[in-house]
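The values are calculated or read from the model by the stated rules, or taken from the named source; none is laboratory data. Bear in mind that the values here come from a model prediction, so they are computed numbers and not experimental data. All Cβ positions, glycine included, derive from the backbone under ideal geometry; neighbour counts span all protein chains shown. These area figures cover heavy atoms from the full protein model, side chains too; ligands, DNA and RNA do not enter into them. Shrake-Rupley method; radii C 1.70, N 1.55, O 1.52, S 1.80 Å.
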Amino acid sequence: MKLKINLLLTFLLCAIMLVLNVDALGQAGVQKKDFGKTPEGQNVEIYTLTNSRGAEAKITNYGGIVTSLKVPDRTGHLSDVVLGFDNLDAYLKGHPYFGAIIGRYGNRIAKGRFSLNGAEYKLAVNNGANHLHGGIKGFDKVVWNAGPLKVANGVALVLTYQSKDGEEGYPGNLSVKVTYTLTNRNELKIEYSATTDKDTVINLTHHSYFNLAGQGEGDILKHSLFLNANRFTPTDEGSIPTGELRSVRKTPFDFLQATEIGARINQPDQQLQFGKGYDHNFVLNGKMGTMRLGARVYEAGTGRVMEVWTTEPGMQFYTGNFLDGTLTGIDGKVYQQRYGFCLETQHYPDSPNQPKFPSTVLRKVGRYHTVTVYKFSVRR
Ligand code: GLA
């Protein structure tokens, strides 16, 4: 009888914990704090998402930026594995898209021009002669509406933004929703969706700079990388794809066998010279629209592993080539060249001008929907 009552009590407690989404430590959940004001006077918040295993993501509604992401190493020790700042001013002063949501179009559009339904559109030009990452004030620099969302398997934050017809030159009023979920399996899941009232183009992505040894803990050249891509999109000097889908075989772009990021980065290869290292879009194997493994990165010192799963057709692999020690992040860490790498899941760059690339057109009647998951684990 006593045993039965005990069992019943334990069951009830577990049920209550599940419903309230609290773990044994009592910390899991979403906490909101003030993060300051933009120069236009908009209030900015920062949300701390803690899952049932103690992993933690800090996300601000300014640019939807993940400012910090703490995951365990092989001994269980938590470290922040993304480059970032702990105050809004540092983000406002300017930075190379640390942790941000990128839109409307992640990556480049040649000369900031494209045609759709017979009309030519002129976008803001902010990268030499080209348009990059949504323009002068892309989604990384706007204030999103934000709020926590109840989910069964972790903690989540929903961000929404209404982008006006003509913003940065793009057609259509676009309603965008991005949901970040930190699951209880130490995954950061990002779900993007959008609708428009006029045909337009769209290519949303996320721009965290990862360092699995911990942010500021040296360069990422010894991280081992597997990239599930037989082909990549070579570019011209301005990082605009030539249109070719080139085989990675016998080039420094072959990561089909896990290889250290730095093993071939300084080879005299024209593509590496154009990018000042890796800054290229890979054509992911497997069917776009279905969830598949795009990349796996391993850092031997800490044992941390990160896998990237996505429904997207491509992934920009960027090795922080333009970091130069002028930015100081959390805990006074100075970000030198190649102190972080990005794996930006996406459609190929300049798709609006490349009829052979998968289309990035979002129709008035359509709905944009993509999912990417950064999964963290350890190798012992
Ligand atoms: C992207 C681009 C790079 C660079 C970074 C930000 O990854 O492809 O060329 O602009 O963003 O510095």
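Tabulated values for the structure
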| item | result |
| --- | --- |
| Residue tally, condition outside any strand (DSSP E or B), farther than 20 Å from residue 378 by Cβ and without any contact (Cβ under 8 Å) to a residue 60 or more places away in the chain, over region 50-67 | 0 |
| Contacts under 7 angstrom Cβ, first residue in region 234-255 being on the phi > 0 side of the Ramachandran plot, partner among the charged types (D, E, K, R), 6 or more apart | 239/108; 239/279; 243/356 |
| Any chance residue 58 is at pLDDT 95 or above and open to solvent by 70 Å² or more (accessible area, probe 1.4 Å) | no |
| Residues that are over 17 Å from the mean Cα position of the chain (by Cα) and either under 23 Å from residue 276 (Cβ atoms) or part of a strand (DSSP E or B) (or both), drawn from region 339-353 | 350 |
| Considering residues of region 263-285 that are in a loop (DSSP other than H, G, I, E, B) and farther than 20 Å from residue 322 by Cα only, the residue farthest from the chain's Cα centre (by Cα) | 285 |
| Single residue of 100, 119, 90 found to be of a type in the set (A, V, I, L, M, F, W, C) and either modelled with pLDDT under 95 or farther than 29 Å from residue 280 by Cα (or both) | 119 |
| Residue identified as out of contact with any Leu (no Cβ under 8 Å at 6 or more places or on another chain), polar (S, T, N, Q) and farther than 30 Å from residue 191 by Cβ among 239, 247 | 247 |
| Candidate set: region 125-135, residues that are open to solvent by 20 Å² or more (accessible area, probe 1.4 Å) and at negative phi; chosen: the one nearest to the ligand (Cβ to nearest atom) | 127 |
| Close pairs (8 angstrom Cβ cut-off, 6 or more residues apart or separate chains): farther than 27 Å from residue 200 by Cβ in region 149-172, of a type in the set (Gly, Ala, Ser) anywhere | 150/156; 154/52; 155/28; 155/29 |
| Those residues of region 326-353 which are in contact with a Leu (Cβ under 7 Å, 6 or more places away or on another chain) and aromatic (Phe, Trp, Tyr), in sequence order | 335, 339 |
| Flag for residue 276 being away from the ligand (no atom under 16 Å from the Cβ) and more than 17 Å from residue 205 (Cβ to Cβ) | no |
| Output for region 93-120, where each listed residue is open to solvent by 10 Å² or more (accessible area, probe 1.4 Å) and either closer than 24 Å to residue 329 by Cα or in contact with a helix residue (DSSP H, G or I) (Cβ under 6 Å, 6 or more places away or on another chain) (or both) | 93, 94, 95, 96, 97, 110 |
| Pairs with Cβ under 6 Å, 6+ apart, first in region 320-335 and on the phi > 0 side of the Ramachandran plot, second not in a helix (DSSP H, G or I) | 320/209; 320/338; 320/339; 320/340; 325/334; 325/336 |
| Subset of region 296-328 (residues that are open to solvent by less than 10 Å² (accessible area, probe 1.4 Å), closer than 20 Å to residue 188 by Cβ and assigned to a loop (DSSP other than H, G, I, E, B)) | 303, 312, 320 |
| Members of region 68-112 that are without any contact (Cβ under 8 Å) to a residue 40 or more places away in the chain, part of a loop (DSSP other than H, G, I, E, B) and either closer than 30 Å to residue 200 by Cβ or within 15 Å of the ligand (Cβ to nearest atom) (or both) | 94 |
| Residue match in region 226-233 (condition: over 26 Å from residue 188 (Cβ atoms), without any contact (Cβ under 8 Å) to a residue 24 or more places away in the chain and buried (at least 16 other Cβ atoms within 10 Å of the Cβ)) | no |
| Region 61-92, residues that are open to solvent by less than 40 Å² (accessible area, probe 1.4 Å) and of a type in the set (A, V, I, L, M) | 65, 66, 69, 71, 81, 82, 83, 88, 90 |
| Tally of residues being among the basic types (Lys, Arg) and in contact with a Leu (Cβ under 8 Å, 6 or more places away or on another chain) across region 52-66 | 1 |
| Any hit, region 199-214, residues being more than 30 Å from residue 264 (Cα to Cα) and open to solvent by 10 Å² or more (accessible area, probe 1.4 Å) | yes |
| First in region 272-295 and under 18 Å from residue 258 (Cα atoms) and open to solvent by 30 Å² or more (accessible area, probe 1.4 Å), second anywhere and among the hydrophobic types (A, V, I, L, M, F, W, C) and in a loop (DSSP other than H, G, I, E, B), Cβ under 7 Å, 6 or more apart | 285/229 |
